[in-house]
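The values are calculated or read from the model by the stated rules, or taken from the named source; none is laboratory data. These numbers come from a predicted model, not from an experiment. Here the Cβ positions follow ideal geometry from the backbone for every residue, glycine too, while neighbour counts run over all protein chains shown.
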Amino acid sequence: MLKYMKKTLTTLQSLIQSPSFFVYLTLLSLLWIAHFLFFQSFGLYEDDWAFTGNAINQTWSQNLETINGALITFWQGRPLHMVFLTLLPSLGAKLGGISTLYLIGFFLLTCNACLFYRLLRNITEISYSALIPTLLFCLYTADTTFNYLQHLLGLQPALLFVLIAFNLFVNSAKINSQSRLLSYFFVTLALLTYESPFLLFFAAPFLKKNTQNRKQIFIHSLILTTILFLYLGLRKITSESRISQLAPWETLQKFLEQIIAGPVVVSRTFLLRPWQILSNLNVTYLIILLIATACFYVIITSLYEDQFKVSYHDFSSHSQISELIRLLKLGLLMMFLAYPSAILLDVNIIDGRASRVHFPAVMGTTLVMGSLWNLVFIITYSKHFLKPIIKVILSTYLALLLAFSINVQQYYAQSWQYQQHFWHDILTLSPDMTENTVILVQSPNLAWGKQINPFDWSVPSVLSSIYEFPKDWQFPPRAYILHSDLQNIEAWKGMIQSSGKMLISNKNHGVRYHYDWEPERIIQPQNVILLVEDNKKLIRQPKLTLSNGITIFFKQNDSHFSFPPFPETSLFSRLIPSTKITNGQKPSSAIYLEPQK
């Protein structure tokens, strides 16, 4: 026992004394602060309800059936994407619920950051060239979905596979070596998980200087092209709609737009994000900036400068500048390769869920920006009066990016808080919901999230995610948000028929989200609960008088319960905390009717 403990302590001591230990510890800490500081206040958003929510509520056998179906049908051309979105939530929920899922996401992000740092250290002898790009990797702000479970559990595994493939590739000397063959295996896994990062691997032969001849580059490109064509063929055979509906000319035009505009937009965010923080600076963020700037200054002085001094004395300035320019060109190549596969997304979007279009550009963009900062350091290093100024500027810049990432976290926490209050009000106003009940919400001021939407297409699925309704109910209770805005509050009334019945359909501009795969439904008024916005809160309206004088009477509340009396799923307690249930005092206004600031 003592021998084992001594061996363990020796291993830990050697680990701590390793030059990379404090770098990895810094990356881990930075990722936690930038993306998971408020993870206990995060929840489910948009697609999370359909994928993560289902995986949590389903039995193990049902989840295996979902996984099997995804593999057989080649689901959306991303069968492993569905595997991860089913398997990880199912396991995570049993280990501690939604918070555990965010910890799994943190683990994946940390692995990717460490692999990226290791990759950069392996492709050049300039030791300091890896740190700043990796810090920027952790603070990547063009994609604001790092707090979104669909991103963490569905996209990050694809990047993990690509980074493993890159690291295997640079450690292989021959085209037929075991490491090289494994690299193609892992990049294929990435393609089957989320296709966008796959094209980055075309840059693999250029990672190390003068290690691949033209023949090897050609063979590498041929292998990847073959994999890609086989993949596209499978998507075509399985009639994956996004591939089968694209016209050749439309595809070419979109392709050119993406590779030209994408790198410009993603580069611009590295200037825009600091400005967004500075233009809305308050006392809280000023304190964050001061503390973060001081911390980054220590990191740059203790970690970066130590590495810098070694390379500065071992290599000439000219050779260092040449190598940094090579890395910058490599980053540019990877930036251009990041966008052709995202032809169905708009590269001009840099906020919200659609900003995932910039996800595959994280490696190339941070390598370019980090190389530029490295060039600034090497050019000004001999000018002693400039050195501390450059360090302060870089520290402040990184602090601004960190502040923006924290700001994104706050938007996610706020969106979840909006959902909690909204659904608490829905349940207290509809305790009598039963089979065939339809809850209609007329709320023109319902908040729309800046970084993540609290109320999206998943709204009709939420009640079935938090309650276990009887399985023999054909139509369990559902909530729909009505088409209603400040310019036309009653736009939804086109769904009302002359008999007073209501038609739920996508064709009459009635409800905002009705699933395309569900049939149209005619609803009897006595099955309708109408909630309307009044004096900055929702109230239940027992009847509605139309312009022609006809009055429609809705479902009357005859329940003695304060909440619907159905068995609750594990998601219920996350959405409706016990403090909200026990607190009978209702707020004077609904926070979800206030715009996000």
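Within the range 261-301, count every residue that is surrounded by fewer than 14 Cβ atoms within 10 Å (Cβ to Cβ) and of a type in the set (Phe, Trp, Tyr).
Residues that pass the stated criteria total 1.
Consider ARG512 against the criteria (1) farther than 19 Å from PRO460 by Cβ; (2) modelled with pLDDT under 90; (3) of a type outside the set (Asp, Glu); (4) buried (at least 18 other Cβ atoms within 10 Å of the Cβ): it satisfies all of them except one. Which criterion is unmet?
Condition not satisfied by ARG512: (1).
So SER415 fits all but one of (1) without any contact (Cβ under 8 Å) to a residue 60 or more places away in the chain; (2) crowded, with 22+ Cβ neighbours inside 10 Å; what number is the exception?
So the condition that SER415 fails would be (1).
Is it the case that the range 211-222 has a residue that's part of a helix (DSSP H, G or I), β-branched (Val, Ile, Thr) and in the same structural domain as PHE116 (by TED's automatic domain parsing)?
yes
Check ILE126, ILE98, ILE56, ILE67 and return the single one that is among the aliphatic types (A, V, I, L, M) and under 27 Å from THR366 (Cα atoms).
Exactly one of ILE126, ILE98, ILE56, ILE67 is among the aliphatic types (A, V, I, L, M) and under 27 Å from THR366 (Cα atoms), namely ILE126.
If you check CYS111 against the conditions, is it surrounded by fewer than 20 Cβ atoms within 10 Å (Cβ to Cβ) and within 17 Å of the chain's Cα centre (by Cα)?
Details: surrounded by fewer than 20 Cβ atoms within 10 Å (Cβ to Cβ): yes; within 17 Å of the chain's Cα centre (by Cα): yes.
It is true that CYS111 is surrounded by fewer than 20 Cβ atoms within 10 Å (Cβ to Cβ) and within 17 Å of the chain's Cα centre (by Cα).
Do you know which residues across the range 499-535 are under 25 Å from GLU594 (Cα atoms) and in contact (Cβ under 8 Å) with a residue 60 or more places away in the chain?
Answer for the range 499-535, where residues must be under 25 Å from GLU594 (Cα atoms) and in contact (Cβ under 8 Å) with a residue 60 or more places away in the chain: VAL511, ILE529, LEU530, LEU531, VAL532, GLU533.
Here is a check on your reading of the model: is LEU189 within 24 Å of the chain's Cα centre (by Cα), assigned to a helix (DSSP H, G or I) and either surrounded by fewer than 21 Cβ atoms within 10 Å (Cβ to Cβ) or not assigned by TED's automatic domain parsing to the domain that holds MET82 (or both)?
It is true that LEU189 is within 24 Å of the chain's Cα centre (by Cα), assigned to a helix (DSSP H, G or I) and either surrounded by fewer than 21 Cβ atoms within 10 Å (Cβ to Cβ) or not assigned by TED's automatic domain parsing to the domain that holds MET82 (or both).
Which of the residues spanning the range 339-376 are β-branched (Val, Ile, Thr) and part of a loop (DSSP other than H, G, I, E, B)?
Across the range 339-376, the qualifying residues are ILE343, VAL347, ILE349, ILE350.
Are any residues in the range 459-505 under 21 Å from PRO565 (Cβ atoms) and assigned to a strand (DSSP E or B), and if so, which ones?
Selection gives TYR467, ARG478, ALA479.
Looking at (1) assigned by TED's automatic domain parsing to the domain that holds GLN150; (2) in a helix (DSSP H, G or I), which is the one condition that is false for HIS384?
(2)
Name the one entry in LEU168, LEU160, LEU153 that is surrounded by 20 or more Cβ atoms within 10 Å (Cβ to Cβ) and touching a Cys at 6+ places or on another chain (Cβ under 8 Å).
LEU160
Just checking, does the range 517-526 include any residue being of a type in the set (Asp, Glu), over 15 Å from ILE481 (Cβ atoms) and in a loop (DSSP other than H, G, I, E, B)? Full working, then the answer.
Just the residues of the range 517-526 that are of a type in the set (Asp, Glu), to begin with: 518, 520.
From what is left, the residues that are over 15 Å from ILE481 (Cβ atoms) are 518, 520.
Then keep just the ones that are in a loop (DSSP other than H, G, I, E, B); that gives 518, 520.
There is at least one residue in the range 517-526 that is of a type in the set (Asp, Glu), over 15 Å from ILE481 (Cβ atoms) and in a loop (DSSP other than H, G, I, E, B).
Looking at this structure, is PHE315 more than 25 Å from THR396 (Cα to Cα) and surrounded by 13 or more Cβ atoms within 10 Å (Cβ to Cβ)?
The answer is yes for PHE315.
Okay, residues lined up against (1) more than 24 Å from VAL357 (Cα to Cα); (2) at pLDDT 95 or above; (3) assigned to a helix (DSSP H, G or I); (4) aliphatic (A, V, I, L, M):
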position	(1), (2), (3), (4)
LEU101	no, yes, yes, yes
THR110	no, yes, yes, no
PHE116	no, yes, yes, no
THR144	no, yes, no, no
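Test of understanding: among ILE389, ILE426, ILE406, ILE379, which residue is in contact (Cβ under 8 Å) with a residue 12 or more places away in the chain, in a helix (DSSP H, G or I) and over 33 Å from the mean Cα position of the chain (by Cα)? Show your work before the answer.
Details: ILE389 fails: in contact (Cβ under 8 Å) with a residue 12 or more places away in the chain; ILE426 fails: over 33 Å from the mean Cα position of the chain (by Cα); ILE406 fails: over 33 Å from the mean Cα position of the chain (by Cα).
Selected residue: ILE379, the only one of ILE389, ILE426, ILE406, ILE379 that is in contact (Cβ under 8 Å) with a residue 12 or more places away in the chain, in a helix (DSSP H, G or I) and over 33 Å from the mean Cα position of the chain (by Cα).
Could you check, for the range 62-70, whether at least one of its residues is over 21 Å from PHE146 (Cβ atoms), modelled with pLDDT under 95 and not in a helix (DSSP H, G or I)?
no
What number of residues in the range 497-509 are among the hydroxyl-bearing types (Ser, Thr, Tyr) and buried (at least 16 other Cβ atoms within 10 Å of the Cβ)?
1
Can ASN453 be described as under 23 Å from the mean Cα position of the chain (by Cα), in the same structural domain as GLY97 (by TED's automatic domain parsing) and surrounded by fewer than 22 Cβ atoms within 10 Å (Cβ to Cβ)?
no
For the range 71-93, which positions are at positive phi and part of a helix (DSSP H, G or I)?
Within the range 71-93, GLN76, GLY77 meet the criteria.
One residue is enough: does the range 168-178 have a residue meeting the conditions more than 26 Å from ASN63 (Cα to Cα) and among the basic types (Lys, Arg)?
Yes, because at least one residue in the range 168-178 is more than 26 Å from ASN63 (Cα to Cα) and among the basic types (Lys, Arg).
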